[in-house]
Structure formats: C-alpha cells, structure tokens
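Since the structure comes first, as structure tokens, the remarks are kept for the end.
Any read-out appearing in this document is the output of simple, stated calculations on the displayed coordinates, not a laboratory observation. Note that this is a predicted model, so its numbers are computed, not measured. Don't worry about glycine lacking a Cβ; one is built from the backbone with ideal geometry, like all the others, and counts go over all protein chains shown.
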C-alpha cells in the first residue's frame, strides 16, 4: 500500500465517520422543524466539521513531501486528478438529485425549511470528500491488485 | 490501426531481472518514483509518462523502443 493510498484510506474513514455522526444528529427528532432553535445541534455539527477539516489538515502534514524521500509520484498525481474528476461528477449528481427531491416534496407547500439548505451545504462538503477519496481508493486498488 | 484496440506492453520486469538485476524498490529509487508504480507498470496497469519511460530505459541500459511495445489487444 503506497503512502498516498494510506492517506486516501484515512481521509475516507475520517469523512465517513463525520457523515455518520452528521446523519445521526440531523435525523434526530425536530431538527428540520426547529432548526433555528437548535443551537446545541448547530454547535455539534460545527464541531463535527472542525474534526473533519482539522483531521484532513493533520493528514496533509503527516503525508507531506519530504526531502530525499519519494512520497508522491506521477501515478499518484494521475490518480488524484482522476478521483477529483469523479468526485466532481458524483457531487453534481448528488446536488441535482437532492434539489429535485426537495422540490417534489415541498412543491405543494410552496417553501422549503431552511434546515434543508444547511443540509445541502454540509453534505456537499461530506459527499465531495467521501466520493473523491473513494474514487482514489478504487483507482489504487485496481492498479495495485 | 484502430487506437481503441492498442495496448502498451512492456519488458520492464524481464529487463530488470535480466542484465541489470535490481529490485523494484531500487529501480523506483533510481528513477524517482514509488515501488508501487513500478509494480503497476510491470503489471501493465499504468502507462508511464515519456519522462519516466526514458528514465527507466536509461537505468536499465536499453532504449524506450526495446522496453515498450505497442500491440493490438487480444
């Protein structure tokens, strides 16, 4: 397993855990209806993202380029570019499907609860991170098996 | 020639274990890439850049044409 593959694996696990915790917090009772009054949940979600982003920062420090040691080569750059492209397409598809679903669900009422906009904003970041690292892992697995 | 059916094959493993006789790790260190990249190249799972191909050819003491063969996929 190359160092970049390990980094992708940790990145995937980190954001997967953030995603699970986010879904648990978001799907708890009354979150959508009383979004503005749920200050504690807002702080918990912000903390989850702080964990995700700081974890990513730490991973970047651990797997940074080192003098006289090859950590990243042209194949890693090729896989990174490919996985970012795949992540972009998956994220766009996710946003499109979610927006259409919300439209269909709230078409009759005429307005969408603001909690869903926060949901879109937060999950955009989660989906982008998970999809790109999953695509990278798939590429590494295919080229190293 | 139909480009869709062309595949880049290589003799890296054969040349590496032949006259030079070095490990994947040593070759990787000499050309400036990771051992996993050399493994992927030998398995035909990754096509190298021209720069990397020329570096490998130089280390193995052969030409790029001797190392890489463009052939029709079976």
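Within the range B:26-36, identify whether any single residue is more than 16 Å from residue A:75 (Cβ to Cβ) and either in contact with a helix residue (DSSP H, G or I) (Cβ under 6 Å, 6 or more places away or on another chain) or free of Cβ contacts under 8 Å to residues at least 60 places away in the same chain (or both), and answer yes or no. Spell out how you get there, then give the answer.
First pass over the range B:26-36, keeping only residues more than 16 Å from residue A:75 (Cβ to Cβ): B:26, B:30.
Filter once more, keeping what is either in contact with a helix residue (DSSP H, G or I) (Cβ under 6 Å, 6 or more places away or on another chain) or free of Cβ contacts under 8 Å to residues at least 60 places away in the same chain (or both): B:26, B:30.
Looking for residues that are more than 16 Å from residue A:75 (Cβ to Cβ) and either in contact with a helix residue (DSSP H, G or I) (Cβ under 6 Å, 6 or more places away or on another chain) or free of Cβ contacts under 8 Å to residues at least 60 places away in the same chain (or both), one finds at least one in the range B:26-36, hence yes.
Can you spot a residue in the range A:126-142 that is more than 30 Å from residue B:32 (Cβ to Cβ), more than 14 Å from chain B (Cβ to nearest Cβ), surrounded by fewer than 17 Cβ atoms within 10 Å (Cβ to Cβ) and under 14 Å from the mean Cα position of the chain (by Cα)?
No: zero hits.
Please go through the range A:34-76 and give me each residue that is touching a residue at least 12 places away in the same chain (Cβ under 8 Å) and not in a helix (DSSP H, G or I), ordered by number.
A:63, A:71, A:72
Can you tell me which residue within the range A:50-90, out of those that are within 20 Å of residue A:119 (Cβ to Cβ) and crowded, with 16+ Cβ neighbours inside 10 Å, is farthest from the chain's Cα centre (by Cα)?
In this case the residue turns out to be A:90.
Give me the residue from the range B:47-74 that is on the phi < 0 side of the Ramachandran plot, in contact (Cβ under 8 Å) with a residue 12 or more places away in the chain and not in a helix (DSSP H, G or I) and, out of that set, nearest to the other protein chains (Cβ to nearest Cβ).
B:47
Looking at the range B:1-21, is at least one residue assigned to a helix (DSSP H, G or I), within 14 Å of another protein chain (Cβ to nearest Cβ) and touching a strand residue (DSSP E or B) at 6+ places or on another chain (Cβ under 7 Å)?
no
Quick one: residue B:44 ticks every box in (1) in contact with a helix residue (DSSP H, G or I) (Cβ under 8 Å, 6 or more places away or on another chain); (2) under 16 Å from residue B:71 (Cβ atoms); (3) within 14 Å of another protein chain (Cβ to nearest Cβ) except a single one, so which number is it?
Checking residue B:44 against (1) in contact with a helix residue (DSSP H, G or I) (Cβ under 8 Å, 6 or more places away or on another chain); (2) under 16 Å from residue B:71 (Cβ atoms); (3) within 14 Å of another protein chain (Cβ to nearest Cβ), the one that fails is (1).
Away from chain B (no Cβ under 14 Å), buried (at least 17 other Cβ atoms within 10 Å of the Cβ) and in a loop (DSSP other than H, G, I, E, B): does that describe residue A:31?
Yes.
For the range A:19-27, check the following and say yes or no: at least one residue is in a loop (DSSP other than H, G, I, E, B), out of contact with any helix residue (DSSP H, G or I) (no Cβ under 7 Å at 6 or more places or on another chain) and surrounded by fewer than 18 Cβ atoms within 10 Å (Cβ to Cβ).
Among the residues of the range A:19-27, at least one is in a loop (DSSP other than H, G, I, E, B), out of contact with any helix residue (DSSP H, G or I) (no Cβ under 7 Å at 6 or more places or on another chain) and surrounded by fewer than 18 Cβ atoms within 10 Å (Cβ to Cβ), which makes the answer yes.
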